Amino acid sequence: NGDFTISAEKFNSNDVNVYVYAEDLSGNTAENKAYTGANALKIDKTPPVVESFKWNTNAASNGKYYNTTRTATITVRERNFDENQVRLNLTNTDGTMPQISNWTVDKSGTSDKNLNTCTVTFAADGDYTMSMSCTDLAGNASNTVTENEFTIDKTVPRLNVSFDNNSVKNGKYYDAARTATITVDEHNFNGSDVNTAITSSTVTPGVHGWSNSGNSHSATVPFTADGDYSFTVNYTDLAGNPAQAYNVDEFTIDQTKPEVEIFDIEDKSANNGEVAPGVRYSDTNHDVNGVSITYSGAKHAEQEVDGARSAIPNGESIKMADFEHTPETDDVYTMVA
């Protein structure tokens, strides 16, 4: 009797032919070809090697954000690959899982570097993680390859601006302060990237906020000083998706009352000689159609003041002619501007 050991390290192959021949001292012979040809032994001592994932794009914004579909090619170097023993761990915070292709398997059994591949396509929005390991048909366990967390975001942010005061007059004028609320609907948000370009004829207000509620983010802009304002809001999210700009047309805050002065006449006075009162009115946003200057007497019906007109800053001055020096003109008059 004799025992023979086959070295697995030496015969690490899928084509190990074992031929046994024996002859005794009397010349009797025997042979065994049970493990030759198609029945050759398969010995596999080499663990599978999972190579680093190959991606169709690594052009991330802000480190880990992508606004396009991302596809990984997974490669396993293994002579006796078993796709049923693949451990591909995938997570997505948004729930929709990536699409995994069928495996392309090299079944030739010729080399420990035989190429076995599949692709994983990340098309839906979400925050993903992925790791991969496997075990071959001989029970050898591979290494584990892990991808750092990354995000797919193809959704364009949405911008909106609303105001607490919409009591407009003459198209664009407001007689009280206004506060604008800027709202951005976006999952991958960074408030410092919101660009609020405000034009102002006075002090430019600042943006106050941001407050967050899920994917909705808001900030306020108080317009408290008198002046003319307009502004545009732009935003590009962390994945590089630009929102459609939101434009607020010019509007005016005017909380200041117009100034009106009656001159060259005294209240409750008696007058002779030249009597030629005048009126001055002014306002940054004065409206000539909003001016009413009348006078009336106990014996004289109300009528509009007329006279020599001259421009003054933000307004007008009207100087009446001297009242006629006749008994019919004498009266007790009241002037209202």
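The values are calculated or read from the model by the stated rules, or taken from the named source; none is laboratory data. Owing to the predicted nature of the structure, the values given are computational and were not obtained by experimental measurement. Cβ coordinates were reconstructed from backbone atoms using ideal geometry, including for glycine residues, and neighbour counts include every protein chain displayed. When the accessible area is computed, the model is the full protein with side chains, heavy atoms only, and any ligands, DNA or RNA have been set aside. Shrake-Rupley method; radii C 1.70, N 1.55, O 1.52, S 1.80 Å.
Observations on the model:
- The condition of being touching a helix residue (DSSP H, G or I) at 6+ places or on another chain (Cβ under 7 Å), open to solvent by 20 Å² or more (accessible area, probe 1.4 Å) and either under 30 Å from N215 (Cβ atoms) or not small (G, A, S) (or both) holds for only one of T135, T155, that being T135.
- In this structure, G126 does satisfy being surrounded by 13 or more Cβ atoms within 10 Å (Cβ to Cβ) and either out of contact with any Asp or Glu (no Cβ under 6 Å at 6 or more places or on another chain) or under 14 Å from R70 (Cα atoms) (or both).
- Checking E274 against (1) in contact with an Asp or Glu (Cβ under 8 Å, 6 or more places away or on another chain); (2) surrounded by 12 or more Cβ atoms within 10 Å (Cβ to Cβ); (3) more than 30 Å from A180 (Cβ to Cβ), the condition it does not meet: (2)
- If you go through segment 110-123 and keep only what is in contact with a Lys or Arg (Cβ under 6 Å, 6 or more places away or on another chain), crowded, with 17+ Cβ neighbours inside 10 Å and under 22 Å from N143 (Cα atoms), you end up with D112, N114.
- Unique residue being under 44 Å from the mean Cα position of the chain (by Cα), exposed (fewer than 12 other Cβ atoms within 10 Å of the Cβ) and more than 30 Å from N188 (Cα to Cα) when the list is N28, N39, N102, N89: N102
- Scanning segment 246-291 for residues that are at pLDDT below 95 and not in a loop (DSSP other than H, G, I, E, B) gives V288, N289, G290.
- Just one of the listed residues (V233, V184) is touching a Ser or Thr at 6+ places or on another chain (Cβ under 8 Å), open to solvent by less than 60 Å² (accessible area, probe 1.4 Å), more than 30 Å from Y333 (Cβ to Cβ) and touching a residue at least 60 places away in the same chain (Cβ under 8 Å), and it is V233.
- Hits in segment 279-305 (condition: under 19 Å from E324 (Cβ atoms), open to solvent by 70 Å² or more (accessible area, probe 1.4 Å) and under 60 Å from the mean Cα position of the chain (by Cα)): E304
- Each residue in segment 236-271 was checked for being without any contact (Cβ under 8 Å) to a residue 60 or more places away in the chain and open to solvent by less than 30 Å² (accessible area, probe 1.4 Å), and 1 of them qualify.
- Residues that are among the hydrophobic types (A, V, I, L, M, F, W, C) and farther than 24 Å from D175 by Cα, drawn from segment 190-223: V194, W210
- If only residues of segment 6-25 that are open to solvent by less than 100 Å² (accessible area, probe 1.4 Å) and farther than 21 Å from K107 by Cβ are counted, the one that is nearest to the chain's Cα centre (by Cα) is A8.
- Of the strands (runs of 3 or more DSSP E) lying entirely inside segment 126-227, the ones with 2 or more residues being over 30 Å from V76 (Cβ atoms) are found at 158-163, 178-185, 195-200, 208-213, 216-223.
- From the options R70, R77, residue that is open to solvent by 50 Å² or more (accessible area, probe 1.4 Å), at pLDDT 95 or above and among the charged types (D, E, K, R): R77
- Check on A141, surrounded by fewer than 14 Cβ atoms within 10 Å (Cβ to Cβ), in contact (Cβ under 8 Å) with a residue 60 or more places away in the chain and of a type outside the set (S, T, Y): yes
- Being under 30 Å from F81 (Cα atoms) and in contact with a Phe, Trp or Tyr (Cβ under 8 Å, 6 or more places away or on another chain) is a condition met by no residue of segment 160-176.
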